[in-house]
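S.K.: Below you will find the structure I want to go over with you.
The values are calculated or read from the model by the stated rules, or taken from the named source; none is laboratory data. What you see is a predicted model, and the numbers here were worked out from it, not measured in a lab. Methodologically, a virtual Cβ is constructed for each residue, glycine included, from the backbone with ideal geometry; neighbour enumeration extends over all protein chains shown.
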Amino acid sequence: MRARVLKVSNAFDHARAALRKARSVAVLTGAGVSAESGIPTFRSTGGYWRNFRFEDLATPEGFARDPKLVWEFYEARRRDMSLAKPNAGHQALVEIERRVETFTLITQNIDGLHTLAGSKNVICLHGDIWKIRCIRCSYSRTDREPLADLPPYCKCGAMLRPAVVWFGEQLPEGAIEAATRAVLAADVFIVAGTSAQVYPAAGLIPLAVRQGAKVIEINPEATDFSEDVSWSLRGPSAEILPSLL
Ligand code: BJW
Ligand code: ZN
């Protein structure tokens, strides 16, 4: 028991030391980082994919079948997210960006909380829930207001959709390429609050391990990559990220 406690506290010390020495840091975040701002995750207890079929709500086929249902899902989340505030995990990442020479925050989250907290160099791999775009023409707008009629329509007559990335869709142009460059250049790669089950985002973790970065995983649960990373720190990101500063 004592040995285990020592081992865990060593992991914290080593991770903190690696971060303090790092010149280039990349971070991958997932729904767990926003969980402490009151936004449900996808796959953990209480997560969306425990109660809904992702095929119905987060695929282009689901949207084509029932756009009103998909919009109701996103509208409810837009309402919840508009009330959410960045937490201590988001703030710690702002502070890390301030301290290091090169910093890239790669997020799978669509809620905009990293930017709201003050992070500057953010890559949104899965889009932005505050953006709405036409499925036919190039029209798009940023809109945080509740939508009166669902589904909303474009002036061109086609439907509007949330500018997020569903399963089977390409990521925003250049996003995974920029994320890959940041991971390849990183001395330290922090992976926080993701189950690491969705690709290509999850593929950034073995990439970082292979290129020799020190990889710090922060998650209350083990993931498929926990054994491969340098330090797997188990706990909530709003506690662990500030403790690494
Ligand atoms: C805490 C915590 C606390 C809890 N503190 N932590 C290679 C192999 C197999 C399949 C594929 C492949 N490459 C591509 C695919 C297909 C597919 C895919 O990955 N499928 C897998 C399921 C196998 N990928 C795609 O389709 C992607 N597109 C693509 O690859 O394009 C090219 C292509 C097209 C067609 C064919 C082939 C290639 C697009 C993926 C889009 C994902 N979209 C969603 C919805 C976004 C919009 C929305 O929010 O509604 O993105 S799905 C959902 O999952 C959302 C998330 O960003 C994403 C990841 O989830 P995340 O963040 O990890 O959340 P959870 O809930 O899973 O985990 C939370 C974690 O937090 C847990 O571990 C907790 O323990 C932890 N936690 N409290 C810290 N307090
Ligand atoms: Zn249009």
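S.K.: Please go through segment 83-123 and give me each residue that is under 23 Å from ALA163 (Cα atoms), assigned to a strand (DSSP E or B) and among the polar types (S, T, N, Q), ordered by number. Walk me through how you get there before you give the answer.
M.R.: Within segment 83-123, the first condition is being under 23 Å from ALA163 (Cα atoms), and the residues that meet it are 83-86, 90, 104-123.
Applying the additional criterion that residues be assigned to a strand (DSSP E or B) yields 104-107, 122-123.
Hits for segment 83-123 are THR104, THR107.
S.K.: Could you list all residues from segment 130-171 that are small (Gly, Ala, Ser) and in contact with a strand residue (DSSP E or B) (Cβ under 8 Å, 6 or more places away or on another chain)?
M.R.: SER140, ALA158, ALA163 - these are the residues of segment 130-171 that are small (Gly, Ala, Ser) and in contact with a strand residue (DSSP E or B) (Cβ under 8 Å, 6 or more places away or on another chain).
S.K.: May I ask you to list pairs of residues, at least six apart or on different chains, whose Cβ atoms are under 6 Å apart, with the first in segment 149-161 being more than 8 Å from ligand 2 (Cβ to nearest atom) and the second being assigned to a loop (DSSP other than H, G, I, E, B)?
M.R.: MET159/ILE135; MET159/PRO151; ARG161/ILE135
S.K.: Another one. Could you check segment 212-234 and list, in sequence order, the residues that are more than 17 Å from the chain's Cα centre (by Cα) and surrounded by 14 or more Cβ atoms within 10 Å (Cβ to Cβ)?
M.R.: ALA213, LYS214, SER226, ASP228, VAL229, SER230, TRP231, SER232, LEU233, ARG234
S.K.: Let me ask something additional. Filter segment 151-171 for residues that are buried (at least 16 other Cβ atoms within 10 Å of the Cβ), within 16 Å of ligand 1 (Cβ to nearest atom) and not charged (D, E, K, R) and give the result.
M.R.: Scanning segment 151-171 gives PRO151, LEU160, PRO162, ALA163, VAL164, VAL165, TRP166, LEU171.
Yes/no per residue for (1) in a loop (DSSP other than H, G, I, E, B); (2) among the β-branched types (Val, Ile, Thr):
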position: ALA18; (1), (2): no, no
position: VAL25; (1), (2): no, yes
position: ARG43; (1), (2): yes, no
position: PHE63; (1), (2): no, no
position: GLU72; (1), (2): no, no
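S.K.: Out of curiosity, is PHE189 within 16 Å of ligand 1 (Cβ to nearest atom), touching a helix residue (DSSP H, G or I) at 6+ places or on another chain (Cβ under 9 Å), part of a strand (DSSP E or B) and within 24 Å of VAL33 (Cα to Cα)? Walk me through it before giving the result.
M.R.: Numbers: within 16 Å of ligand 1 (Cβ to nearest atom): yes; touching a helix residue (DSSP H, G or I) at 6+ places or on another chain (Cβ under 9 Å): yes; part of a strand (DSSP E or B): yes; within 24 Å of VAL33 (Cα to Cα): yes.
In short, yes.
S.K.: Of the residues that make up segment 3-21, is at least one in contact with a helix residue (DSSP H, G or I) (Cβ under 8 Å, 6 or more places away or on another chain), aliphatic (A, V, I, L, M) and either farther than 30 Å from PRO152 by Cα or free of Cβ contacts under 8 Å to residues at least 60 places away in the same chain (or both)?
M.R.: yes
S.K.: Continuing with this model, one more query. What are the residues in segment 61-120 that are of a type in the set (Ser, Thr, Tyr) and closer than 21 Å to LEU204 by Cα, if any?
M.R.: Initially, segment 61-120 is screened for residues of a type in the set (Ser, Thr, Tyr), giving 74, 82, 102, 104, 107, 115, 119.
The answer is THR102, THR104, THR107, SER119.
S.K.: Would you check if ASP128 is within 11 Å of ligand 1 (Cβ to nearest atom), closer than 30 Å to ARG65 by Cα and surrounded by 21 or more Cβ atoms within 10 Å (Cβ to Cβ)?
M.R.: Answer is no for this residue.
S.K.: Would you mind finding the one in GLU227, GLU169, GLU239 that is within 25 Å of PRO86 (Cβ to Cβ) and either acidic (Asp, Glu) or modelled with pLDDT under 95 (or both)?
M.R.: GLU239
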